[in-house]
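Q: One structure follows; several queries about it will come next.
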Amino acid sequence: MTEQTPIRRRTKGAGGTISNNRVNDAKTQSSYQPYKDAAWGFINHWYPALFSEELGEDKVEGIQICGIPIVLRRIDGKVYALKDQCVHRGVRLSAKPMCFTKDTISCWYHGFTFDLETGILATIVANEEDKLIGTTGLTTYPVHEVAGMIFVFVREDGFPDEDVPPLSHDLPIRFPERSEEYPHPLWPSAPSVLDENAVCLGMHRTGFTNWRIACENGFDNAHILVHKDNTIVQAMNWVLPLGILPTSDDCITLIEDEEGPKGLMQWLFTERWAPVLENKRLDLKVEGMNGRFYRTSVVLPGVLMVENWPEEHLVQYEWYVPITEDTHEYWEVLVKVCPDQKAKTDFNYRYERVFKPLCLQGFNDCDLYAREAMHDFYADGYGWDNEQLVSTDVSPITWRKVASRWNRGIAQPGKGVENATKHSPIKYRRLSEGKAPGYFVEKIND
């Protein structure tokens, strides 16, 4: 546990003010209308799809991101990704994987067979001379596998290959190369997914809320109260503040690199944010504050970075991957640079026994139920227009604006996919069987 006192970079009195732009009036809302429209997420961005260990050699897996069904197959170590919706009659190829050759995947229903590299319809099992062959195909999705994670560039049909940005443009800024620009002397430079010898350990699970509700929760500085009784907080004898309030207009720095990520960074544990230690009306007072110092940033398409958490030389990433308008896949990933096998073994040991049960599950479980508690208020659009905000909400308002300016496209409601239609007898049957909508395709068994 770091014992240092938070660094104060400049002296400001109580007169430090927060801009009135945080007020959620009609003019402010109009500045982030694209964000309000993005119920199904932002398209033409990189998203995590699977951990590498979830897709073995010659295995096939189906998922859904931004309302788009995607099938992945690994051949000779390389991962391919295509739209998981046969051009013939829309069957999901991954529901019953059928692969006759290394370079193709076939629809198990009528035998339409697609080239993995190009997505082109290569043949039809029982109709090899049909004129449709070679004239149509499935959208393919660029793949980048690094540090034990498989990332997919989820794009619109027809989005050109030459316009696909590098993965680094959709990940948080990297240290130490940006340390001079974004200094924070309370802890070592946070590692990155892209660092040499980086190891990613984590989990992902389906959250039953819209992705925007989940994302904003990740960097909401007023929700510390939710975590006060967590096991790790009590075990570490942490004493948390009641909350954290912004004290000046530069409490947030925009990240808007021309060739890089787009988002924001919050200057927590500096004089730009002040811990709240007392509420006289409720007779609450925090004595001897002792917590885990950290800093948060969030970049498009919705990636949170928490530096120095849950301990030094670690960083926690969270992705809130849209599945439908009311579900998302919640990715919780810890990253550490491990230069040798012993370091990897030690990291994995501590992950399994401390970080996973106490942090990713215990601590973050509170965030899951808190998000679900907000979902109904926002589900029909009411909440976006009628929320009443306070000074700490400068963070989500700033995020909404920057996301509206820099997203590469707004995903449209899914077409011909599960949950695109809210009411169907199949959906009700699945729910009655205890099968909630999820991220993975349910396999068909003979």
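The values are calculated or read from the model by the stated rules, or taken from the named source; none is laboratory data. Small disclaimer: the values here were computed from a predicted structure and weren't measured. Cβ: placed from backbone, ideal geometry, glycine included. Neighbour counts: every protein chain shown. Calculation scope for accessible area: heavy atoms of the full protein, side chains included, ligands and nucleic acids excluded. Shrake-Rupley method; radii C 1.70, N 1.55, O 1.52, S 1.80 Å.
Q: Please get the size of the charge dipole for the chain, origin at its Cα centre, with Cβ charges of +1 on Lys and Arg and -1 on Asp and Glu, quoted in debye to the nearest 20. Present the calculation step by step, with values, prior to reporting the outcome.
A: On the way: 48 positive and 64 negative charges, 193 e Å.
Taking the Cα centre of the chain as origin, the dipole is about 920 debye.
Q: Now for a different question. Along the charge dipole of the chain, which of Ala26, Ala343, Ala39 sits closest to the positive end, that is, farthest toward it, with unit charges on the beta carbon of Lys, Arg, Asp and Glu (+1, +1, -1, -1)?
A: Farthest along the dipole direction, towards plus: Ala26.
Q: Per residue, how much accessible surface does the chain expose to a 1.4 Å probe? Answer in Å², no decimals. If you can, show how the numbers build up before the last one.
A: Working: 20520 Å² over 446 residues.
Normalised by residue count, the accessible surface of the chain is 46 Å².
Q: Still on this structure, I have one more. Name the residue farthest towards the positive end of the dipole of the chain from the options Cys200, Thr327, Gly416, assuming +1 on Cβ of Lys and Arg, -1 on Cβ of Asp and Glu, about the Cα centre.
A: The residue sitting most towards the positive pole is Thr327.
Q: Cross-link list Lys59/Lys102; Lys336/Lys356; Lys102/Lys131; Lys59/Lys342: which exceed 20 angstrom alpha carbon to alpha carbon? All intermediate terms of the calculation are to be shown ahead of the outcome.
A: Working: Lys59/Lys102 11 Å; Lys336/Lys356 14 Å; Lys102/Lys131 24 Å; Lys59/Lys342 30 Å.
Flagged as over cut-off: Lys102/Lys131; Lys59/Lys342.
Q: Ok, one more. Which distance in Å, rounded to a whole number, links the C-alpha centroids of the stretch 365-383 and the stretch 384-446?
A: Result: 12 Å between the Cα centres.
Q: Now for a separate question. What is the extension gain from Asp163 to Met98, computed as 0.36 nm multiplied by their sequence separation minus the C-alpha to C-alpha distance, in nm to one decimal? Present the calculation step by step, with values, prior to reporting the outcome.
A: Values: separation 65, 0.36 × 65 = 23.40 nm, distance 3.19 nm.
Roughly 20.2 nm would be gained on extension.
Q: With no solvent and one point per C-alpha, what does the Debye sum give as log10 I(q)/I(0) for the chain at q = 0.11, 0.13, 0.14 Å⁻¹?
A: -0.90, -1.23, -1.40
Q: Treating only the Cβ atoms of Lys and Arg (+1) and Asp and Glu (-1) as charged, compute the dipole magnitude of the stretch 325-446 about its Cα centre; round to the nearest 20 debye. Intermediate results must be reported in sequence, preceding the final value.
A: On the way: 18 positive and 19 negative charges, 99 e Å.
So the dipole magnitude of the stretch 325-446 works out to roughly 480 debye.
Q: Rounded to the nearest Å, what's the spacing between the alpha carbon centres of the stretch 277-328 and the stretch 194-220? Just the number, please.
A: The stretch 277-328 and the stretch 194-220 have Cα centres separated by 11 Å.
Q: What's the ranking of 395-406, 172-183 by average number of surrounding C-beta atoms within 10 Å, highest first?
A: On the way: 395-406: 20.9, 172-183: 15.0.
By packing density, highest mean first, the sequence is 395-406, 172-183.
Q: Could I ask something else about it? Comparing Leu282, Leu50, Leu314, which has the greatest mean-square fluctuation in the GNM of the chain with Cα pairs linked when under 10 Å apart?
A: So, out of Leu282, Leu50, Leu314, the one fluctuating most is Leu282.
Q: A further question on this structure: Going by a 4.7 Å Cβ-Cβ cut-off, which cysteines of the chain have no partner at all?
A: Cysteines lacking a close Cβ partner in the chain: Cys66, Cys99, Cys200, Cys215, Cys251, Cys338, Cys359, Cys366.
Q: Further question: Averaging over all projection directions, find the projected area of the Cα convex hull of the stretch 139-227 and quote it in nm² with one decimal place.
A: Numbers: hull surface 36.3 nm².
Directional mean of the projected Cα hull area for the stretch 139-227 stands at 9.1 nm².
Q: With charges only on Cβ, +1 for K and R and -1 for D and E, what is the dipole size of the stretch 98-246 about its Cα centre, in debye, rounded to 20?
A: Values: 8 positive and 21 negative charges, 163 e Å.
With Lys and Arg at +1 and Asp and Glu at -1, about 780 debye.
Q: Right, another one. If I compute solvent accessible area with a 1.4 Å probe over the protein chains, what percent of it on the chain is carbon and sulfur? Working shown, then result.
A: Details: 10320 of 20520 Å².
It is 50 percent, rounded to a whole number.
Q: OK, next. What is the set of long-range amide H partners of Val239 at a cut-off below 5 Å, with H atoms built 1.01 Å from backbone N?
A: Answer set, sorted by chain and number: Asn290, Gly291.
Q: Set the Förster distance to 56 Å, then compute FRET efficiency between Thr135 and Glu180 from the Cβ-Cβ distance, nearest 0.05.
A: 0.55
Q: Additional query: Strictly over 23 Å apart at the Cα level, which of Lys83/Lys443; Lys228/Lys285; Lys83/Lys401; Lys96/Lys435 would you flag in this model?
A: Details: Lys83/Lys443 17 Å; Lys228/Lys285 13 Å; Lys83/Lys401 31 Å; Lys96/Lys435 18 Å.
Beyond 23 Å between Cα atoms: Lys83/Lys401.
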